[in-house]
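I have placed the structure first, in the form of structure tokens, so that the comments after it can refer back to it.
The values are calculated or read from the model by the stated rules, or taken from the named source; none is laboratory data. Computed from a prediction, not measured in an experiment: that's the story for all the values here. Cβ coordinates were reconstructed from backbone atoms using ideal geometry, including for glycine residues, and neighbour counts include every protein chain displayed.
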């Protein structure tokens with residue numbers, strides 16, 4: 001067989017995708033309680049489902065037709081109106097907004113539009129697993145800024161200054177955060193923008209959880225003076241509209257960046273998903289989005305978050321974590337337990353699945369600062385199964401102590 005690309009040989013496969021495959025296999029063997037994946041457990045709004053089904057029946061060819069690479073202009077106009085309403089930022093829907101096939105594609109296209117071989121990208125550690133490998137695939141190098149549970153996982157601008165250099169091309173900021181649930185402070189964003197201007201680097205603002213907030217909203221980077229011309233913002237409908245399977249999101253940024261991303265997208269995925277765009281046009285109409293988020297999504301997930309926090313304190317009193325301000329996750333420092341058990345976080349997670357049928361994600365997957373931690377999502381299971389899952393984790397640990 002001819003040789004494969006050296007680029008792909010160097011890439012580490014997504015551990016979250018491996019866990020998803022393992023979970024699919026394990027479900028056949030019994031009752032699995034999943035604190036693993038970050039997919040919404042709620043269905044999308046019924047009005048959206050009904051509208052799309054009716055649209056498909058009445059206009060099947062139009063529903064599945066190719067579309068423009070940047071996406072439907074009607075949807076981009078609605079996005080621009082929505083961002084103006086919620087964040088008081090203005091974007092030209094024709095030039096500064098592009099629909100993408102999920103936040104994952106948005107990240108890759110954004111990095112592809114700005115990176116040259118040898119450029120450095122600064123990431124927070126721990127952080128989402130989907131940043132480092134695309135950087136490396138595109139010839140870039142990764143630098144890390146550590147955050148700690150003792151500091152509520154908040155990044156410190158002085159630590160950022162230690163790794164920023166003339167080689168820095170971008171800083172990736174995810175807020176609300178995966179895996180920690182942290183919402184970054186306005187002070188940090190303000191200082192980061194100043195640093196970006198000083199060293200002339202991009203800020204890639206990953207805002208896929210922007211509406212999944214249980215208190216204060218995340219600071220919107222583009223709203224800070226001097227940020228607009230150097231910020232690319234990644235958004236997704238997967239979390240706020242509960243449609244991860246449609247693989248639909250959007251990117252905002254300077255017109256030149258959007259144009260460059262469009263060139264790449266033409267040869268990666270051609271155009272965004274048409275049925276998903278039709279559905280999201282309805283999502284923005286008649287107050288559906290506001291009712292869905294405010295009356296269903298946030299109350300449901302807040303209740304589950306609060307319960308899991310209470311149960312972590314009750315069943316894992318030696319663990320350390322913080323109450324998530326947003327997103328779907330607890331990032332739990334389990335080192336006191338793991339040291340006593342003689343296990344690392346990956347072995348603990350694997351054995352927990354096979355012994356107690358509970359899925360958690362090893363913290364090491366999110367960076368070196370995640371060693372000895374596990375990520376647990378609180379959105380995938382109803383309250384009674386959250387409690388049952390926490391009891392199983394406690395029982396598993398107790399069997400070793």
I'm trying to understand the selection: among the residues of the stretch 218-229, which are in a helix (DSSP H, G or I), in contact with a helix residue (DSSP H, G or I) (Cβ under 9 Å, 6 or more places away or on another chain) and either surrounded by fewer than 20 Cβ atoms within 10 Å (Cβ to Cβ) or on the phi > 0 side of the Ramachandran plot (or both)?
223, 228
Of all the helices (runs of 4 or more DSSP H) wholly in the stretch 52-140, which have at least 3 residues that are closer than 16 Å to residue 266 by Cα?
102-114
Output the number of the condition that residue 286 fails; it satisfies all remaining conditions of (1) more than 22 Å from the chain's Cα centre (by Cα); (2) at pLDDT 95 or above.
(2)
Only one of 301, 329 is in contact (Cβ under 8 Å) with a residue 60 or more places away in the chain, within 30 Å of residue 401 (Cα to Cα), under 20 Å from the mean Cα position of the chain (by Cα) and not assigned by TED's automatic domain parsing to the domain that holds residue 182; which?
329
Hey, residue 197 hits all of (1) more than 19 Å from residue 128 (Cα to Cα); (2) crowded, with 17+ Cβ neighbours inside 10 Å but one; which does it fall short on?
(2)
Restricting to the stretch 243-281, and then to whatever is within 14 Å of the chain's Cα centre (by Cα) and surrounded by fewer than 22 Cβ atoms within 10 Å (Cβ to Cβ), can you tell me which residue is nearest to residue 75 (Cα to Cα)?
247
Any idea which of 161, 169 is part of a helix (DSSP H, G or I) and outside the structural domain of residue 321 (by TED's automatic domain parsing)?
161
Whichever residue in the stretch 77-93 is within 21 Å of the chain's Cα centre (by Cα) and closer than 13 Å to residue 285 by Cα and, among such residues, is surrounded by the fewest Cβ atoms within 10 Å (Cβ to Cβ)
82
So for the stretch 107-120 (the condition being buried (at least 21 other Cβ atoms within 10 Å of the Cβ) and closer than 25 Å to residue 323 by Cβ), does at least one residue qualify?
no
I want to confirm something. Restricting to the stretch 200-217 and keeping residues that are in contact with a helix residue (DSSP H, G or I) (Cβ under 6 Å, 6 or more places away or on another chain) and in a loop (DSSP other than H, G, I, E, B), which single residue is farthest from residue 295 (Cα to Cα)?
208
